[in-house]
Each structure stands twice: as C-alpha cells, then as structure tokens.
Amino acid sequence: MVSTVSNRPLPRRRPSRRRYAIRRAVALALVLLVGVGVVRAVASIVGGDDGVADAEADADASTVVDSSPAAPAADSMIEATASVDTVAVEPESTGPPSVDNPSKVFIVGDSDAGTFGPYLQSLLDGTGIVTTELDYKVSSGLARPDFYDWPAEIDAQLPAVDPDIVVATFGGNDAQGLSVASGEFIVGDPVGNEAEWTTEYQARVGAVMDQLLAGGRTVIWVGIPNDDNPDVTARMAIQDKAAKAAAAERPDVVFIDTWKRFSGRDGGWAEFVIDPRDGQGKDVRADDGFHLNQNGAEILAIDIAQAIRDDLRERGAQI
C-alpha cells in the first residue's frame, strides 16, 4: 500500500492565552518607548525643556501609580530657566535737580523750625528747583516722647514726603530730665547728671539722624542758640555739645552751629548780630532771651539755605 502525502497546508495553531497576553504586553511597551522617543525628538527640535519634563511626567503617570517624583524635576527646570532669563534692572537716575526735576526739602522740629522755616521756604522757592514742606511742633523735642514722639512722627511723614534733604532742629526744650514714652523719667537734669544725660541724649539724637539719613538723604541739623540766663545756658551747653558729638560721628550730617552764629566776640550771649544782607547790626533776639526774632530767624535761614545750595550743587544742580 502506497502512502500519499497531502499537499494542503497544515492548520496553524492558535497561541495560548498566556502567550497572547505576553505578546500584547511587549507590543504595548514598544509603542510607549517609540512614543517617548518621538516626544523627545520633537521637544529637542522645538527647544523646550519643559516639553521633555511634561512628556516624562506623562509617561511615568501611565506606568506608575505615584507620579510625584516627576514634579520636582519639572519645577527645578523652571526655576533654573527663570534664574538665567531674569535680568536685574537698575533704577534710572532722575538726574540733577532742575525745574523739571526739583529736589524736596523737609523741615522738621520744634518752635525754632516754625520761626526760621517760612523764610527758608521762601528762599528755596526762589531757586526754582526746590519744593519744601514744613512740620513743626511747639514745645516739643527729643527729651519728652511722652509729650510728643518725634521718631514716630518722622516714620509717618518720611514715606509720604520722600525728601532728598531734611532740615531738622531739636533742643530748645530738651535741656531737662529725659523721659520715655510712658512718662517715666530715666535721667535727671543735664547739669546734675551730665555724663549719663549726655550718653542718653546723644544716642537719641544719633538715632533720629540715622532715621533721617536712611535712603541716602542729606541731613542738615540746626543747633540751638544760647540763652541770656546763665543757668539755662549751662544746661543748654550740655545739650548742644551732645548734638554736635552725634553729628560728628556721621559725615553725611551738616551741622549748623547756631550757638556760635549768635554769640558775641567773647563767645557769650549776644543781642545784636550783623545781617549779611546789608551789613547792618540788628537785634536778633525775642523777648524771652532765647528764641530768635524775625531778624534772627531770617539770618539763620540764610545760613541754612546756603548749606542746601551747596548740597544741590553737589547733586549737579546749576545754581
């Protein structure tokens, strides 16, 4: 019997379920790898690192339940890009004081500021390149913050006024015991407690000077005159010396020596002083023997105005 061989193809065996599942898993993995490669290629062409980070995060999210590790990587890339692209911009210089760019002068202090302040304002207004503001309080100073707190007032006013130059005067009411804001006196009168009083008052003056100097301002500190009463003058001499010492420690403070300006040739109290406007000797004292009258206030304002003009010239003003 001759056996014959059939020419029909043998039927293909269907893969088992296990092998079919393996094949699908391999195919899916290949698709994912190809997809990530395409995204990387596109991102590199476009030039965006963030696209790579996002694609990686998406790929991780499709295969890993917790995709949080991808987030810090993207954040760090964004931060690095920002640090490279950010350029520090220097503030533009406003230029020297001029009619179109006037300097601001802030006048603050006790009753002395109220005496010379108005005439000083008129002198500065005449320059055409200065604007002024006056803030004074009668009977105030730095000795009694329980009566009037000048550091707090300055803190409130400086941001609003934003001056380039500050003219300040305190002291006519300060030659007394020193209190704190609660009203408690911490140091007695300056004559009986000179060392302790000088240390405390000099520190207060220095603190206010620093407060006014902040931001690159020029501070013109106007001293006090002497008094016709020797006892009062003895107290005020200690106060004036402490203020001068505080100014000497700060090169950017210009000290106007009012004491010397209104003293006689012997260094003592003077009632008459030469007026620089006409060269004539004039009565410069008020009836109380301490404050300046109108003549004296105007002469002092001329001295202060000259210091301000000098500062404006240093700023480039044509004056």
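Observations on the structure shown:
- Local electrostatic count at residue 201 - Lys and Arg +1, Asp and Glu -1, tallied over other residues with Cβ under 10 Å: -1
- Packing order of peptides 99-105, 240-246, highest average first: 240-246, 99-105 (average count of other Cβ atoms within 10 Å over each peptide's residues).
- Remark: the stretch 263-319 carries 54 Å² of accessible area per residue (probe radius 1.4 Å; ligands, DNA and RNA excluded).
- Between the alpha-carbon centres of the stretch 237-256 and the stretch 105-171 there is a gap of 18 Å.
- Percent accessible area from carbon and sulfur atoms, the stretch 142-232, protein chains only, probe 1.4 Å: 49
The values are calculated or read from the model by the stated rules, or taken from the named source; none is laboratory data. These figures come from a predicted structure and were not determined experimentally. Every residue, glycine as well, gets a Cβ built from its backbone with ideal geometry; the counts of neighbours run over all protein chains shown. What goes into the accessible areas is simple: the full protein's heavy atoms, side chains included, and nothing from ligands, DNA or RNA. Shrake-Rupley method; radii C 1.70, N 1.55, O 1.52, S 1.80 Å.
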